[in-house]
Amino acid sequence: MTLQLVIGDKNYSSWSLRAALVVDLAGAQCEELLVRLYQPGSRAQLLRHSPTGKVPVLLTEQGAVWDSLAIAEYLAECYPEAQLWPQERQARALARSICAEMHSGFTALRSHLPMDLARDKALAELPDEAQADINRICAIWADCRERYASSGNYLFGQASIADAFYAPVAARLRSYHVALPTTAAAYVETIYRWPAFQRWYQVALQEVKG
């Protein structure tokens, strides 16, 4: 299968990071096509690949698949042996639920703490609505870890689509020096030790340096 993943700047594009981590989990042979965002010709270039003019978009032999959640589901169907979702039904339902919640929610967190992997500084003041989002995320992580801690260090034991969706949040919390409960802090460490995340992270730092 010939695949190409169109992504934005690795330092800033949380949506691209999600898709790239799922590609890695699938073990798919996939070429990355980087389109620098916020440039005069960025949207025109992206529209050549996706009708939304946004990243990420997965280019397949049959056509384009856009939106990180659609890409994740497509790869889960194409690579069932990779077990991108948890295998137990209730765990899979929970994983899909928290991914959907991340996909459509947490707008205050996104607004006030945009992904910037090179950042290493707290906000002067964390808005209440952003803290509320963080509290909810920490509760999600604590629930998953309480249920599935015996099978590994990720949300459902082994790395899955759920971790790909929450990795950009873990990065935000580290970048902005957010104080976290013990379980959440441990999960952030797990994400930063994830080889696929580390590869993306190191390239992102170089990208910022120019």
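The values are calculated or read from the model by the stated rules, or taken from the named source; none is laboratory data. Bear in mind the structure is a predicted one, so any value in this text is a computation, not a measurement. Glycine also receives a Cβ, built like all others from the backbone with ideal geometry; neighbour counts cover every protein chain displayed.
Yes or no: the stretch 162-175 includes at least one residue that is part of a loop (DSSP other than H, G, I, E, B) and buried (at least 20 other Cβ atoms within 10 Å of the Cβ). Checking the stretch 162-175: not a single residue is part of a loop (DSSP other than H, G, I, E, B) and buried (at least 20 other Cβ atoms within 10 Å of the Cβ). A single entry from A124, A132, A118, A159 fulfils the requirement of being part of a loop (DSSP other than H, G, I, E, B) and surrounded by fewer than 14 Cβ atoms within 10 Å (Cβ to Cβ): A124.
R89 falls short on exactly one of the conditions (1) of a type outside the set (G, A, S); (2) more than 22 Å from A204 (Cα to Cα); (3) surrounded by 13 or more Cβ atoms within 10 Å (Cβ to Cβ), and that condition is (3). Within the stretch 192-210, the residues that satisfy the criterion of being of a type outside the set (S, T, N, Q) and modelled with pLDDT of 95 or more are Y192, R193, W194, P195, A196, F197, R199, W200, Y201, V203, A204, L205. Return the pairs, sorted by first residue and then second, in which the second residue is among the aliphatic types (A, V, I, L, M) and not in a helix (DSSP H, G or I), the first residue lies in the stretch 123-143 and is over 19 Å from A164 (Cβ atoms) and at pLDDT 95 or above, the beta carbons are less than 6 Å apart, and the residues are 6+ apart or on different chains. Filtered contacts from the stretch 123-143: no entries.
Restricting G41, G63, G27 to residues that are over 17 Å from the mean Cα position of the chain (by Cα) and at positive phi narrows the list to G63. Is it true that some residue in the stretch 143-152 is over 14 Å from the mean Cα position of the chain (by Cα), surrounded by 14 or more Cβ atoms within 10 Å (Cβ to Cβ) and within 17 Å of R18 (Cα to Cα)? No, the stretch 143-152 contains no residue that is over 14 Å from the mean Cα position of the chain (by Cα), surrounded by 14 or more Cβ atoms within 10 Å (Cβ to Cβ) and within 17 Å of R18 (Cα to Cα). Considering the conditions (1) loosely packed, with under 13 Cβ neighbours inside 10 Å; (2) touching a strand residue (DSSP E or B) at 6+ places or on another chain (Cβ under 8 Å), Y38 is excluded by exactly one of them, (2). Would it be correct to say that A139 is in a helix (DSSP H, G or I), buried (at least 18 other Cβ atoms within 10 Å of the Cβ) and of a type outside the set (D, E, K, R)? No; evaluated as a whole, the condition is false for this residue.
Annotation note: of L5, L75, the sole residue that is hydrophobic (A, V, I, L, M, F, W, C), at pLDDT 95 or above, buried (at least 20 other Cβ atoms within 10 Å of the Cβ) and in a strand (DSSP E or B) is L5.
Being in contact with a Lys or Arg (Cβ under 7 Å, 6 or more places away or on another chain), more than 15 Å from R199 (Cα to Cα) and not polar (S, T, N, Q) is not true of G41.
Go through the stretch 158-176 and give me each residue that's over 8 Å from the mean Cα position of the chain (by Cα) and either under 23 Å from Q131 (Cβ atoms) or not assigned by TED's automatic domain parsing to the domain that holds A93 (or both).
The answer is A162, A170, A171, R172, L173, R174, S175, Y176.
Within the stretch 29-55, residues that are over 16 Å from D9 (Cα atoms) and modelled with pLDDT of 95 or more have Cβ atoms under 8 Å from residues that are of a type in the set (A, V, I, L, M, F, W, C) and loosely packed, with under 12 Cβ neighbours inside 10 Å in these pairs: Q29/M1, counting only partners at least 6 apart in sequence or on another chain. When you scan the stretch 172-191, do you find a residue that is over 27 Å from A82 (Cβ atoms), modelled with pLDDT of 95 or more and touching a His at 6+ places or on another chain (Cβ under 8 Å), even just one? Among the residues of the stretch 172-191, not one is over 27 Å from A82 (Cβ atoms), modelled with pLDDT of 95 or more and touching a His at 6+ places or on another chain (Cβ under 8 Å), which makes the answer no.
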